[in-house]
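Everything on this sheet refers to the single structure shown next.
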Amino acid sequence: MTAPPPALPAKIHPRVRAFLGTRDVLEETLTRFGSPMHLVFPQVYVDNLQRLSAVLDQCLPQHRICYAHKVNQSRAFVRAAASAGIAIDVASPQELAAAIAAGFDPTRIEVTGPKGEAFLRELIDGGVTINVDNLWELRRVSELADDRAEVPVLLRVSGFQDAAASRFGVPLVQVERAFELLTANRSRIRFLGFAFHIDSGEPTERIRAFDACLALIERAYGHGLTPSVLNIGGGFRQVFTADADRFDEYVIALRTALLGRGEPMSWANNSFGYHVDGGAVHGIPVFHKYGNTVSATTMLAELLAAPLERHGGRTVAQVAEDNLLTVWLEPGKALVDHAGVTVAKVEFVKELADGTTVVNVDLSRDSVTPADQEVMVDPIVLHGNPHARTVDQHESDWVGVYFAGRLCLERDLITNHKVWLPWLPQPGDVVIFPNTAAYHMDLSAATASMHPVPIKLAVEHRGDVFQICHDHDYTPEAPASDDPRRFSHVDSDGAP
Ligand SMILES: Cc1ncc(COP(=O)(O)O)c(C=O)c1O
């Protein structure tokens with residue numbers, strides 16, 4: 001027996017697997033709405049929320065989860081968040097409007113990111129919390145707000161020791177100027193506390209940032225300010241792979257192929273950020289996050305349990321509690337992890353001059369790929385005819401292909417790495433791109449060549465049936481007041 005070909009099996013949520021396994025419903029959905037389509041699963045979102053909340057509830061009495069809307073344009077997710085009673089982090093006037101339309105009270109809305117004059121003006125009267133990105137914003141808020149307006153403000157800071165350079169936030173070295181503005185404008189600005197956002201899986205970076213913010217809180221008290229919030233941002237990781245060993249094996253095979261040994265595994269010699277030199281492969285690939293095995297809940301639990309040297313070894317959670325701080329989080333991808341897939345159809349299959357097989361589908365790379373990254377989970381291919389025999393799988397049947405999109409651009413390759421499939425796809429076969437809800441669906445999707453972006457549908461499992469509707473029309477079942485889906489901390493987080 002020869003070994004199976006390299007593979008990148010995707011982790012799939014049981015609810016999503018159940019839906020994909022119900023071929024009649026999938027077929028009906030394709031017939032009704034057409035291909036391609038993005039499917040979002042708000043119930044998976046709520047599962048993720050419950051898991052994160054459970055970690056927080058265990059050791060942190062005062063906390064607030066703000067769903068980072070930017071991760072997906074889905075209205076269904078925003079409505080699920082509103083119905084669960086959490087808060088929301090919005091980053092544009094459009095996201096703000098979506099949050100208000102979904103029923104968020106302004107006191108449950110936080111606005112992050114760089115804002116610009118027009119947006120700032122809109123926010124000042126709105127009662128929302130402005131997470132200030134820079135000193136210009138802070139100054140403009142103080143100039144534009146009415147006396148006694150008491151605009152709730154968080155100050156985002158950056159420039160922590162050994163952290164990667166960031167263009168966001170007020171550099172730590174400039175915080176003294178922020179203190180001057182905050183103390184001079186107390187009647188206009190209600191200073192809630194400090195915020196940071198680090199997009200790193202490295203635990204020490206977040207712990208260091210937390211500790212640096214604690215030091216800032218002490219300094220703020222020295223200025224007569226009374227901050228009570230420490231916002232630790234998002235960045236809690238997803239787990240894409242169902243089999244970390246197979247992921248590693250794939251990467252080893254890819255590295256070997258980059259050295260010119262064995263079957264080529266990358267389109268046009270793409271090296272994915274690796275640097276090939278002196279007969280060896282060096283560096284960290286652009287796709288490293290797809291091999292992650294540490295879940296968001298583990299990351300969060302470890303952060304909260306981390307001892308802080310400057311505080312006699314007390315943990316992050318204990319220090320927050322002792323100082324009566326409310327910890328805010330802004331998870332995006334952790335909440336939508338596994339809560340979306342993208343479905344497309346094979347248009348045609350083409351063999352190139354060198355024997356390379358390309359499977360063309362009816363969407364473009366931008367609809368399933370975050371910006372410049374390479375998605376390292378295998379698409380799932382289903383027979384276009386659901387009643388086709390299940391294929392007997394012999395090793396000799398495996399075929400290595402690249403998936404290509406429908407734009408007339410060379411760069412519209414959905415996979416630049418080779419994907420092995422148990423049979424050669426045929427026009428009309430259905431291709432599922434797993435776990436696309438976090439930044440994959442919407443971040444870079446464009447209507448290039450005037451192709452519309454794929455339709456977005458919400459799938460809900462009610463009783464024994466799957467119900468499908470336009471994402472915009474989705475209404476969550478209202479959780480009863482004693483339902484665990486409604487989060488207990490909602491009115492006890494000491495927030496504004
Ligand atoms: C300020 C801020 N908060 C939260 C997030 C959400 O991050 P994630 O999806 O990694 O949790 C982002 C993402 O860019 C962000 O910029």
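Considering only segment 250-298, how many residues are part of a helix (DSSP H, G or I) and among the hydrophobic types (A, V, I, L, M, F, W, C)?
The number of residues fulfilling the criteria is 9.
Output the residue which, of all residues in segment 420-445 that are aliphatic (A, V, I, L, M) and out of contact with any strand residue (DSSP E or B) (no Cβ under 6 Å at 6 or more places or on another chain), is farthest from the ligand (Cβ to nearest atom).
Step by step, filter segment 420-445, then rank; the result is Ala445.
Given the options Gly273, Gly291, Gly283, name the one that is in contact with a His (Cβ under 6 Å, 6 or more places away or on another chain), closer than 29 Å to Phe433 by Cα, of a type outside the set (S, T, N, Q) and surrounded by fewer than 22 Cβ atoms within 10 Å (Cβ to Cβ).
Sole residue among the options that is in contact with a His (Cβ under 6 Å, 6 or more places away or on another chain), closer than 29 Å to Phe433 by Cα, of a type outside the set (S, T, N, Q) and surrounded by fewer than 22 Cβ atoms within 10 Å (Cβ to Cβ): Gly283.
Any chance segment 227-243 includes a residue that's closer than 19 Å to Phe194 by Cα, more than 16 Å from the ligand (Cβ to nearest atom) and surrounded by fewer than 18 Cβ atoms within 10 Å (Cβ to Cβ)?
Yes, segment 227-243 has at least one match.
Just to be sure I understand, how many residues within segment 128-170 are surrounded by fewer than 16 Cβ atoms within 10 Å (Cβ to Cβ) and either among the hydroxyl-bearing types (Ser, Thr, Tyr) or outside any loop (DSSP other than H, G, I, E, B) (or both)?
Count: 3.
In segment 352-371, how many are in contact with a helix residue (DSSP H, G or I) (Cβ under 9 Å, 6 or more places away or on another chain) and part of a loop (DSSP other than H, G, I, E, B)?
The total comes to 2.
Tell me the residue from His13, His63 that is in contact with a Ser or Thr (Cβ under 8 Å, 6 or more places away or on another chain) and of a type outside the set (Asp, Glu), please.
When all the criteria are applied, what remains is His63.
Pick from Ala80, Ala87, Ala99: which is within 23 Å of Ala445 (Cα to Cα), of a type in the set (Gly, Ala, Ser), over 15 Å from the mean Cα position of the chain (by Cα) and crowded, with 24+ Cβ neighbours inside 10 Å?
Going through Ala80, Ala87, Ala99 in turn, the sole match is Ala99.
Residues that are within 16 Å of the ligand (Cβ to nearest atom), in contact with a Gly (Cβ under 9 Å, 6 or more places away or on another chain) and over 23 Å from Ile380 (Cβ atoms), at least 1 per element: which strands (runs of 3 or more DSSP E) completely within segment 11-118 meet that?
The strands (runs of 3 or more DSSP E) meeting that bar are 63-68, 87-90, 109-111.
Determine which single condition Gly85 fails, assuming it passes every other condition in (1) touching a helix residue (DSSP H, G or I) at 6+ places or on another chain (Cβ under 6 Å); (2) in the same structural domain as Leu123 (by TED's automatic domain parsing); (3) on the phi < 0 side of the Ramachandran plot.
(3)
Report, ordered by the first and then the second residue, all pairs with beta carbons closer than 6 Å, sequence separation of six or more or different chains, a first member in segment 67-81 that is more than 14 Å from Ile109 (Cβ to Cβ), and a second member that is of a type in the set (Gly, Ala, Ser) and more than 9 Å from the ligand (Cβ to nearest atom).
Asn72/Ala437; Ala76/Ala458; Arg79/Ala102
Which is assigned to a loop (DSSP other than H, G, I, E, B), at positive phi and small (Gly, Ala, Ser), of Gly224, Gly201?
Gly224
Do you know which of the residues in segment 440-453 that are within 19 Å of Tyr45 (Cβ to Cβ) and crowded, with 19+ Cβ neighbours inside 10 Å is modelled with the lowest pLDDT?
The extreme case among them is Asp442.
Does any residue in segment 107-130 that is without any contact (Cβ under 8 Å) to a residue 40 or more places away in the chain and among the aliphatic types (A, V, I, L, M) come within less than 6 Å, Cβ to Cβ, of a residue that is more than 16 Å from the ligand (Cβ to nearest atom) and part of a strand (DSSP E or B) six or more places away or on a different chain, and which pairs are these?
From segment 107-130, the pairs are Ile124/Val151.
Of everything in segment 321-351, what is of a type in the set (S, T, N, Q) and outside any strand (DSSP E or B)? Give them in sequence order.
Asn323
Every residue in segment 184-198 that is assigned to a loop (DSSP other than H, G, I, E, B) and either within 16 Å of the ligand (Cβ to nearest atom) or hydrophobic (A, V, I, L, M, F, W, C) (or both), please.
The answer is Phe196, His197, Ile198.
Consider Leu8 against the criteria (1) in a helix (DSSP H, G or I); (2) at pLDDT 95 or above: it satisfies all of them except one. Which criterion is unmet?
(1)
Considering only segment 216-267, state which residues are among the small types (Gly, Ala, Ser) and free of Cβ contacts under 8 Å to residues at least 40 places away in the same chain.
If the condition is that a residue be among the small types (Gly, Ala, Ser) and free of Cβ contacts under 8 Å to residues at least 40 places away in the same chain, then Gly222, Gly235, Ala257, Gly260, Gly262 are the ones that fit.
Looking at (1) of a type in the set (A, V, I, L, M, F, W, C); (2) within 16 Å of the ligand (Cβ to nearest atom); (3) in contact (Cβ under 8 Å) with a residue 24 or more places away in the chain, which is the one condition that is false for Ala165?
The failed condition is (3).
Residue check, Leu26 against (1) buried (at least 18 other Cβ atoms within 10 Å of the Cβ); (2) not assigned by TED's automatic domain parsing to the domain that holds Val465, all met but one. Which one?
Looking at each condition in turn, Leu26 falls short on (2).
Which count do you get for residues in segment 297-326 that are in contact with a Gly (Cβ under 9 Å, 6 or more places away or on another chain) and buried (at least 16 other Cβ atoms within 10 Å of the Cβ)?
So the answer is 3.
State yes or no: is Leu181 outside any loop (DSSP other than H, G, I, E, B), closer than 19 Å to Lys115 by Cα and in contact with a helix residue (DSSP H, G or I) (Cβ under 7 Å, 6 or more places away or on another chain)?
It is true that Leu181 is outside any loop (DSSP other than H, G, I, E, B), closer than 19 Å to Lys115 by Cα and in contact with a helix residue (DSSP H, G or I) (Cβ under 7 Å, 6 or more places away or on another chain).
Looking at segment 58-67, can you tell me whether even one residue there is on the phi < 0 side of the Ramachandran plot, surrounded by fewer than 16 Cβ atoms within 10 Å (Cβ to Cβ) and at pLDDT 95 or above?
Yes, segment 58-67 has at least one match.
Inspect all residues belonging to segment 281-300 and state whether any of them is away from the ligand (no atom under 16 Å from the Cβ), within 30 Å of Thr226 (Cα to Cα) and touching a Lys or Arg at 6+ places or on another chain (Cβ under 9 Å).
Checked against the condition, which is being away from the ligand (no atom under 16 Å from the Cβ), within 30 Å of Thr226 (Cα to Cα) and touching a Lys or Arg at 6+ places or on another chain (Cβ under 9 Å), segment 281-300 yields no hits at all.
The values are calculated or read from the model by the stated rules, or taken from the named source; none is laboratory data. What you see is a predicted model, and the numbers here were worked out from it, not measured in a lab. So basically every Cβ, Gly included, is an ideal-geometry build from the backbone, and we count neighbours across all protein chains shown.
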